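In what follows, a structure is listed as structure tokens, so that the remarks can point back to it.
All of the numbers you see were taken from the coordinates with simple rules; none came from a lab. Because the structure is a prediction, the values reported are computed rather than measured. Note: ideal-geometry Cβ built from the backbone for every residue, glycine included; neighbour counts use all protein chains shown.
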Amino acid sequence: MRRCAGVCALLMLLLQCAAVAAVSAAAPPRVGMKLELASIRGRTGAPIHVNVRLEYNDPQFLEGKLELHIFDALELTSESDRLATVVREGIVLAGQDYEFSLLLPALHTSDTRNWAVRAWFVTEDERIELTSAPGRKGPAEPFDLLMTSSLERSFVMCSASDDPRNRDASVNRRLLQEQLLLQDVMQSAVTVSGEELEGEVVDQRGDVQRGGSADQTPGVIHHAAEWDVRALPEDPLGYCAFDVVLLSDGGLGGLSEACQKALLTWVRAGGSVAIECRERLQPQHLGFLRELLKEGLGAESDLTLDADGRLLVVADRSGVPILSHAGLGRVILLPLVEDLSVVARDREVWRRAVCFLWKVRESSDVARGQARRQLSDLDIVRAYIPKAQRDEFGIYSEDQYVSTPDGYVFLQQIERPGISQKRYYVEDQQINRWRRSHDLKLQSLRVQNSDVLKLSEALLLPSDIQIVPVPVIAVILIGYVLVVGPVDYFVLGWLRMRRFTWVLFPVVTAAFTLLTIAVAHAYMSSDDTGGAMVITDMDDEGHVVRQTTLETLFFGGRREVEAEQRKTLLVQSRDQFLGDGMYGNVALPADEPPRYEGLFPQNYVLRQGVQQWSPVSLRSLSLEPEGVELPAIDWDDEQLVIDEAGRVRLSAALQQLSSASAGNLHAIVMHGGQVHAVTNSFGADGSSQFLQLLSMLGGQQQVAEGIFSLLSHVSPQGSDCLEDLAMSAGDDPEEYVLVIVRTRGERVEVFRRLYRVVESGVPAAG
């Protein structure tokens, strides 16, 4: 009996072990995840760096991919809120935490200030859902990322130093993180109140009543994000997440060769970098500095290293920042002093350095340290009523009903002796409302979609696509009404068959429906997919520094599009063309969100579903374009842009190239915000839309509302709003932009080169 009992106990134990093993084998591997922003706050309209940590303690290898569904919502509401799907492939978990940095595309953000992210770790056999609250029962909790609201403008400076976690910031770095931001010059532009929030400076604007509803004006966030220099991206596109990069506290000395190359590429494409260096350097770092500052050093200045590897600056003027253009970007080298507060006390010198770094317009009141000049009442009114005049009684118009961007305004006639009966005066209350509206437009720094998107989408649609003409639609409707009305009544009456009206009506309706569909297919179906516009930018030395591609996808039936991408930031823009008019001037989201699979932005595949007759516009940005074929002209001849004789020679060269089947080539020169036509055959390429698009692509940003009321251009960002398409200030007399357009079928190629020329014709120094 004892032996039988022992055998039974042993069998029970084996069965229990087998059951435990079976349960363990059936249970999915335990994978946890931490997801957080690398910079606390992201830059407006830019890609976002996030830090990912996958927690896995099982000794068994687990290979798979991380799949993120990004929702523009505080909480998950519906699939309609999904912005994109990002899939990171090639992940192998081996019994320990797996950490990496992930760059998310520049996606649209609403007023919620939050992204909800659902995550899965996907293997060949299973799909493991990840949660932000692993101990909580119920459905997996999404991850929450704090974004910048569309009602805000966020400026981000990357403050890179050596080991910031274990090393306290120096006095100089703390000063630079506070006083090198844009906030100082902006405070002289507008009257705001500041609030300190976790190292951020937030300028809060008030509320304004418009038409009985509250419209909150955007706030401005200035944030200095602390980065370990060893964590900086080795891809130049990774720096598009920042407006400015600051290297201090060993930041330059810790910069690897790959990061040096990437940072130089980004700066030449339009980025800005500030350098404070008192550490030991290697010869490679000295070469990097010389390349960045070669325009600003001049003939009388030089950089060298002493026997200890410390930087020495030989300059005609010591103790002040060295300012230098670097391609389309900006560089400042701060003085080699123990305490930069001494330099910062010279407000004129410091303001010039900050304005130069952030590309503040040199002609602006802000750059001169003055408060923004107030427009006169007459100037304010003329923004709404161009023909307004002033007399001793006030500002008047000869029209009683005036159409303005804000709607119709009824002007009252004032009965006073000596006043003409045709003079209708603007009330002071109305002038004050217009002044408030004008000030708000200048202060509003929220992202505004460029008209380039709307025009390019219309021009890049397939050439055989036509919107069904209104007369055709009218004929179909009239025919339908006649058939179901008089024809039904008289014909069936003549045949004594009116009792069959209930049969004829649905038959006629179905027939006209099929006819309408056939007509729509005849006009809007196409075997083509739409065109592309490629904008290639060169700096003042003739180097190709960046390339922007605008592409429109349009199909007669639903398609799944796969596009292989390499070293590009690619985003889907909101529908600009079809959304205008029918639904107001609001950009409409596409039917399906994009899906990024692979290693974004280095090497990945974009998968995009395109609905029938629903155009999808894509914008891509590359800072390392390959295979660029420039028109065969003498690009280094600056006389081509500065005088009429040079433009005549340029026109002859382009005509010769066009006759040699190199495509149809046209050119303009932008200077001082003015368009100078080089060729006179624009009509060969189509409509006034083409001419309008050319002027918008001139590269010179004139003084405008919002961000461009203060800045001439911004660092590359890669968003669909195309704010970073500007490359020069329209109010800078030393800057010229040559724009050459080459059309090849439905492909439009735009080549733009910046020239810096002083009046004497000698290239301008930084």
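Work out the length of the dipole vector of segment 32-146 about its Cα centre, built from +1 on the beta-carbon of each Lys and Arg and -1 on the beta-carbon of each Asp and Glu, and round it to the nearest 20 debye.
Values: 12 positive and 19 negative charges, 88 e Å.
Charge dipole of segment 32-146: 420 debye, to the nearest 20.
If packing is taken as the average number of other Cβ atoms within 10 Å across a peptide's residues, how do 546-552, 237-243 rank, most packed first? If you can, show how the numbers build up before the last one.
Working: 546-552: 22.9, 237-243: 25.9.
Ranking the peptides 546-552, 237-243 by packing returns 237-243, 546-552.
In sequence order, what are the phi-derived ³J(HN,Hα) couplings for segment 90-98 according to the Karplus relation 6.51 cos²θ - 1.76 cosθ + 1.60 with θ = phi - 60°, rounded to whole Hz, with x for glycine and proline?
Once θ is set to phi - 60°, the couplings for segment 90-98 become x, 9, 10, 9, 9, x, 8, 5, 10 Hz.
Check cross-link reach from Lys294 to the lysines: straight Cα distance under 23 Å, and skip same-chain residues fewer than eight apart.
Candidates past the 8-residue exclusion: Lys261, Lys359.
Kindly write out, for segment 149-159 in residue order, the coupling ³J(HN,Hα) from the Karplus curve 6.51 cos²θ - 1.76 cosθ + 1.60 (θ = phi - 60°), rounded to whole Hz, with x marking Gly and Pro.
With coefficients 6.51, -1.76 and 1.60, one gets 5, 5, 8, 10, 10, 10, 9, 10, 10, 7, 9 Hz.
Quick one: what are the phi-derived ³J(HN,Hα) couplings along segment 724-735, Karplus 6.51/-1.76/1.60 with θ = phi - 60°, whole Hz, x for glycine and proline?
Whole-Hz 3J(HN,Hα) from phi for segment 724-735: 8, 6, 5, 9, 7, 8, x, 9, 9, x, 8, 10.
Any lysines with Cα under 20 Å of the Lys422 Cα? List them, leaving off those in the same chain fewer than 8 positions away.
Reachable lysines: Lys387.
Tell me, Phe490, Phe356 in order of fewest to most beta-carbon neighbours within 10 Å?
Numbers: Phe490 11, Phe356 22.
Going from sparsest to densest Cβ surroundings: Phe490, Phe356.
Spin-label point model (7 Å from Cα, Cβ direction): what's the Ser659 to Arg113 distance in nm?
Placing both labels 7 Å beyond Cα along the Cβ direction yields 6.5 nm.
Scan segment 97-135 for trypsin sites (Lys or Arg not before Pro) in coil per DSSP, keeping those whose Cβ has at most 11 other Cβ atoms within 10 Å, and list them by number.
none
Only counting other Cβ atoms within 10 Å, I'd like Arg423, Arg345, Arg752 sorted with the fewest neighbours first. Mind showing how you got there, number by number?
Details: Arg423 19, Arg345 9, Arg752 22.
In order of increasing Cβ crowding within 10 Å: Arg345, Arg423, Arg752.
Filter the GluC sites (Glu not before Pro) in segment 28-94 to those in DSSP coil with at most 14 other Cβ atoms within 10 Å of their Cβ, and list the result. Can you show the working numbers first?
Working: sites: Glu36, Glu55, Glu63, Glu67, Glu75, Glu79, Glu89; in loops: Glu75.
Passing both the DSSP loop test and the Cβ count: Glu75.
Please give every one of the lysines within straight-line cross-link reach of Lys65, meaning a C-alpha to C-alpha distance under 28 Å, and leave out same-chain neighbours fewer than 8 residues apart.
Lys34, Lys137, Lys567
Tell me, Arg559, Arg330, Arg756 in order of fewest to most beta-carbon neighbours within 10 Å?
Ordered by Cβ neighbours within 10 Å, fewest first: Arg559, Arg756, Arg330.
Once you compute Rg and the Kirkwood Rh from C-alpha atoms, what is the Rg to Rh ratio for segment 32-146? Write out the running numbers ahead of the final one.
Working: Rg = 14.2 Å, Rh = 14.8 Å.
On the Cα set of segment 32-146, Rg over Rh gives 0.96.
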